[in-house]
Amino acid sequence: MNGLFFYLFGFLAVALGLAAVLQRNVIKGGVALLGSFVSLGAVYFTSGAEFIGIVQVMVYGGAIIVLYLFALMTMDLEKMKEEPLRLGFVSAGGFLAGVLFLLIVYGAMSLEGAPSLTVSGAKELASPLFYRFLLPFEVVSVLLLVATIGAVAVGRREE
Amino acid sequence: MELNLSLFTPELFLACAGILLILIDLIIPSREKNGLFALITFGITSVAIVLTAVYSPFSPQEAFNGFIKKDFLSGLSQLLVLFTLLLTVLVSYDYLERFKTNYVGEYYYTLIFASLGAMLMIEANELATLFVSLEVMSISIYVLMALFKRDYRGKEAALKYFILGSVGAATLAYGFALLYGITGSTLYPEVAKALSSNLSAAAFLGIALVLSGFLFKVGAVPFHGWAPDAYHGAPTPVSLFMGAVVKVAAFVALLKLFFPVLLPFFERWGEVALIFGLVSALFGALAALGQENLKRMLAYSSISHAGVILSALATLPALAVYSVFFYLFAYTFMTIAAFGIISLLTVKGFKGENLSDWRGLYSKSPSLALLSVVIFMALAGIPPLLGFWAKFYVLVALVKTGKVLPALIVMVASLISLGFYLKPLVYAFMKEGKEERVIPGFSAYAAVLISSLVLIFLGLFPEVVSQASLLSLASFLKGVM
């Protein structure tokens with residue numbers, strides 16, 4: 001059963017990833033990318049790494065996609081549609097993707113046996129974060145508070 | 001899990017007070033904000049000073065699983081930070097009366113958070129804590145620089161400092177990451193233990209990156225580029241605050257980090273610090289000679305002072321802690337007084353910051369002119385003021401460890417610095433100026449007066465500071481050995 005879902009979501013992730021690249025409408029592409037990220041999160045779930053799965057959905061599916069869509073909506077999409085594909089960009093992107101693909105294949109080949117999944121749980125992360133590293137964790141919250149106040153105060157328009 | 005929260009009381013108090021001030025900010029009408037906030041912040045700081053004095057043990061104690069370690073050195077340095085905050089509030093009240101900002105509340109509680117960051121940085125005993133507390137301090141200071149209305153110079157300075165400061169912080173983070181990767185721990189004692197058995201090229205790279213990050217924070221050559229613009233552009237009370245607090249926090253953190261971690265390799269590291277220090281001391285003094293703006297001149301002079309402290313760091317362990325703390329103590333009060341008096345004399349359109357604005361100061365306000373003599377002569381290191389003793393002990397430490405040539409270079413640098421410290425006095429006493437009344441604000445005047453009196457009295461009785469430095473040295477070594 002787990003194996004079935006693993007392959008199903010794996011296929012979905014690849015297919016939606018392809019759709020994200022091939023789609024001419026950028027917003028639709030962004031939504032396809034969101035689906036790809038969520039499917040990837042499901043893949044993590046099916047292989048037993050629940051925590052990474054949750055983080056994948058929250059960070060990529062939640063924050064990063066929203067950021068992408070916001071950035072896309074500030075641009076003039078009509079103008080982008082008319083622009084022809086440039087051979088230089090496409091070949092550079094293809095080259096990078098090829099290198100990345102080869103790296104992943106090489107990594108998968110050199111992997112011996114099933115990787116242990118003991119560090120993927122939430123507990124292993126939470127315990128150092130909230131016990132051992134409690135002080136820096138709390139100081140980070142002060143830092144975020146100061147940074148937020150500062151951003152609002154500095155960024156607001158002067159009347 | 002050993003929290004030992006009671007040791008952390010002063011910092012907790014300061015953090016809670018800062019957060020409460022954010023809420024209070026919402027209900028106070030903006031008309032009375034400046035006075036009320038200055039008063040509240042003054043009160044909070046006074047309480048924090050008492051708490052810090054109570055909770056700084058002589059024999060070192062750890063809290064938060066050893067993430068912070070308090071001893072007499074950190075306690076005294078924290079008191080220096082808080083005292084700077086106290087006098088900054090006095091100077092700021094006066095400054096905010098003359099230069100308007102929509103963010104009075106933000107200004108005061110960001111000052112508190114910046115001091116909290118500096119306090120945490122001083123007592124940090126772990127790399128992650130050190131990094132985040134450094135960022136709390138730095139980001140608060142970037143914000144403080146940009147808060148004033150129509151002060152585009154301040155905003156420009158804040159942006160410059162922010163961008164360069166981020167690069168400096170990144171350097172530091174890379175260094176910490178390398179050290180963590182090599183040693184498998186972020187606690188100082190464990191890092192030290194792992195490094196003492198195996199010092200690889202990667203470890204050297206990590207240490208070099210960390211050292212560069214610190215050199216950036218204290219503004220030593222070759223990472224000094226931000227200092228003149230930041231000090232010049234920032235509102236004067238903020239220049240005062242960062243001039244004193246950042247130096248104290250960075251140097252004490254450097255001592256606490258590098259002593260346990262690098263004691264076995266002290267020889268090699270000591271020489272590097274010495275070279276950087278001497279170059280900074282000479283460069284700062286030479287570059288300050290041609291400055292027309294007093295804040296810019298003080299920025300270059302702070303580079304020179306940082307260089308002197310760095311070369312003091314290079315002396316043997318015991319002497320280094322002693323002379324560095326003594327120098328930091330003196331430097332804090334000199335910085336408060338010098339920027340304080342500039343802030344006092346600054347009126348609309350930043351008039352009063354330039355040398356030419358000091359013409360005929362003596363005829364306008366004899367008391368201010370006499371105070372400026374005390375301040376600038378202390379900075380130049382003229383006996384019997386406190387600045388002299390600070391330089392004196394650095395020179396003694398250098399000569400005692402057989403570094404006679406570096407001692408001579410430090411002396412040459414301070415002779416050169418006498419040249420530019422005399423300039424404002426020449427303008428104040430010997431040049432005729434227009435007859436304009438100077439009406440100094442009471443609170444800023446009090447701050448300048450207090451710090452000048454400290455410079456005079458502790459200059460007459462340097463044993464007090466000397467004993468304090470000795471005690472902090474003893475307490476610090478007790479924790480390291």
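The values are calculated or read from the model by the stated rules, or taken from the named source; none is laboratory data. These numbers were taken from a predicted model, which means no experiment stands behind them. Heads up, the Cβs are rebuilt from the backbone with ideal geometry, glycines too, and the neighbour counts pull from every protein chain shown. Areas reflect the complete protein model, heavy atoms only, side chains present, ligands, DNA and RNA absent. Shrake-Rupley method; radii C 1.70, N 1.55, O 1.52, S 1.80 Å.
Which peptide among B:290-298, B:193-201, B:25-33, B:236-244 comes first, and what is the full order, when sorted by highest mean count of other Cβ atoms within 10 Å? All intermediate terms of the calculation are to be shown ahead of the outcome.
Values: B:290-298: 20.9, B:193-201: 12.8, B:25-33: 11.2, B:236-244: 29.1.
So the peptides B:290-298, B:193-201, B:25-33, B:236-244, ranked by packing, come out B:236-244, B:290-298, B:193-201, B:25-33.
Would you mind working out the magnitude of the charge dipole of the protein assembly as shown relative to its Cα centre, with +1 at each Lys and Arg C-beta and -1 at each Asp and Glu C-beta, to the nearest 20 Debye?
In total the dipole reaches around 1120 debye.
Averaged over B:59-65, how many beta carbons belonging to a partner chain fall within 10 Å of each residue's beta carbon?
Across the residues of B:59-65, the mean count of other-chain Cβ atoms within 10 Å is 2.
To make sure I understand the rule: partners must be lysines, Cα under 24 Å from the Cα of residue A:28, and not fewer than 8 residues away in the same chain. Which ones qualify?
Counting by Cα, and skipping residues close in sequence, residue A:28 has these lysines nearby: A:79, A:81.
As an exercise, use a Förster radius of 30 Å and the Cβ-Cβ distance of residue B:50 and residue B:446 to find the FRET efficiency, rounded to the nearest 0.05.
With a Förster radius of 30 Å, E is 0.90.
Let me check against my output: what whole-number percent is the relative contact order of chain B, with C-alpha pairs under 8 Å and at least 6 apart?
Reported relative contact order: 17 percent.
Can you work out the accessible area per residue across the stretch B:294-343, with the rest of the protein chains kept in place, probe 1.4 Å, in square angstrom?
On the way: 490 Å² over 50 residues.
With the other protein chains kept in place, the stretch B:294-343 gives 10 Å² per residue.
Taking chain B as the reference, fit the longest principal axis to its C-alpha atoms, fit the long axis of helix B:317-345 to the helix C-alpha atoms, and give the angle between the two in degrees, 0 to 90, nearest 10.
Tilt relative to chain B: about 20 degrees.
Quick check: convex hull over the Cα atoms of the stretch A:1-82, volume per residue in Å³, rounded to an integer?
Numbers: hull volume 4.9 nm³, N = 82.
Taking the convex hull of the Cα positions in the stretch A:1-82, it is 60 Å³ per residue.
For the stretch A:1-82, with all protein chains present and a 1.4 Å probe, just round the carbon and sulfur fraction of the accessible area to a whole percent.
For the stretch A:1-82, the apolar C and S fraction of the accessible surface comes to 76 percent.
Using C-alpha positions alone, give me the convex hull volume of chain B per residue in cubic angstrom.
125 Å³
Go through B:232, B:305 and list them by solvent-accessible area, largest first, probe radius 1.4 Å. Mind dumping the intermediate values first?
Values: B:232 40, B:305 5 Å².
From most exposed to least exposed: B:232, B:305.
Which residues belonging to the stretch B:102-122 lose at least 50 Å² of 1.4 Å-probe accessible area when the assembly is complete, relative to their chain isolated?
At a threshold of 50 Å² (probe 1.4 Å), the residues of the stretch B:102-122 that become less exposed are B:103.
Would you check the accessible area of residue A:82, probe 1.4 Å, heavy atoms only, in square angstrom rounded to 10?
140 Å²
Measure nothing but the geometry: give the 0 to 90° angle between the long axis through the Cα atoms of B:201-218 and the longest principal axis through the Cα atoms of chain B, rounded to 10°.
20 degrees
Pairing the Cα long axis of helix B:104-123 with the longest principal axis of chain B, what angle in degrees results, from 0 to 90 and rounded to the nearest 10?
Tilt of helix B:104-123: around 30 degrees.
What longest region of chain A stays clear of trypsin sites (Lys or Arg not before Pro) that DSSP places outside H, G, I, E and B and that have at most 15 other Cβ atoms within 10 Å?
Details: sites that count: A:24, A:86, A:156, A:157.
Answer from the scan: A:87-155.
With the contact rule set at Cα under 8 Å and sequence spacing of 6 or more, what percent relative contact order holds for chain A?
18 percent
I want to make sure I understand the PRE zone here: with the label point 7 angstrom from the Cα of residue B:16 toward its beta carbon, which residues in the stretch B:23-41 have backbone N atoms less than 14 Å away?
No residues fall inside that zone.
Accessible area per residue for the stretch B:73-232 in Å², computed with a 1.4 Å probe and the full protein assembly in place, what is it? Write out the running numbers ahead of the final one.
Working: 4630 Å² over 160 residues.
That works out to 29 Å² per residue.
Taking all protein chains as present, what is the carbon and sulfur share of the accessible area of the stretch B:346-445, in % to the nearest whole number, probe 1.4 Å? Please report the intermediate quantities before stating the final value.
Working: 3370 of 4850 Å².
Percent of accessible area from carbon and sulfur atoms in the stretch B:346-445: 70.
Checking the table B:391/B:431; B:149/B:247; B:33/B:149; B:217/B:400; B:160/B:351; B:247/B:423 against a 19 Å threshold on Cα-Cα, which pairs fail? Mind dumping the intermediate values first?
Working: B:391/B:431 31 Å; B:149/B:247 28 Å; B:33/B:149 16 Å; B:217/B:400 29 Å; B:160/B:351 23 Å; B:247/B:423 25 Å.
Among B:391/B:431; B:149/B:247; B:33/B:149; B:217/B:400; B:160/B:351; B:247/B:423, the Cα-Cα distance tops 19 Å for B:391/B:431; B:149/B:247; B:217/B:400; B:160/B:351; B:247/B:423.
Scanning chain A for helices, which whole DSSP H stretches are 18 Å or more long along the axis (Cα) and average -0.5 or more by Kyte-Doolittle?
For chain A, where a helix must reach 18 Å along its axis and average at least -0.5, the hits are A:2-22, A:26-46, A:87-110, A:134-155.
Mind checking which aspartates and glutamates have their Cα closer than 19 Å to the Cα of residue B:403? Skip sequence neighbours fewer than 8 apart in that chain.
B:267, B:271
Take the alpha carbon atoms of the stretch B:13-66, find their center, do the same for the stretch B:296-329, and report the distance between the two centers in whole angstrom.
Using only Cα atoms to place each centre, the spacing works out to 29 Å.
Could you work out the mean count of beta carbons from other protein chains within 10 Å of each residue's beta carbon in A:150-156?
6
Calculate I(q)/I(0) for the stretch A:5-159 by the Debye formula, one identical point scatterer on each C-alpha and no solvent, and give its log10 at q = 0.08, 0.13, 0.19 Å⁻¹ to two decimals.
Log10 I(q)/I(0), no solvent term: -0.39, -0.94, -1.26.
Compute the FRET efficiency between residue A:74 and residue A:110 as 1/(1 + (r/R0)^6), taking r as their Cβ-Cβ distance and R0 = 51 Å, and round to the nearest 0.05. If you can, show how the numbers build up before the last one.
On the way: r = 43 Å, r/R0 = 0.84.
Computed FRET efficiency for residue A:74 and residue A:110: 0.75.
Whole angstrom only: what separates the Cα centroid of the stretch B:353-409 from the Cα centroid of the stretch B:415-481?
Spelled out, the Cα-based centre of one part sits 8 Å from the other.
Consider just the alpha-carbon atoms of the protein assembly as shown and return their Rg together with their Dmax, both in angstrom.
27.7, 94
Any idea of the accessible area per residue across the stretch A:14-159, 1.4 Å probe, to the nearest Å²?
Per-residue value: 71 Å².
Please give every one of the aspartates and glutamates within straight-line cross-link reach of residue B:69, meaning a C-alpha to C-alpha distance under 20 Å, and leave out same-chain neighbours fewer than 8 residues apart.
Partners found: A:138, B:2, B:11, B:123, B:126, B:135, B:190.
Other chains' Cβ within 10 Å of B:289-300 residues: what's the mean?
Mean shielding count: 0.
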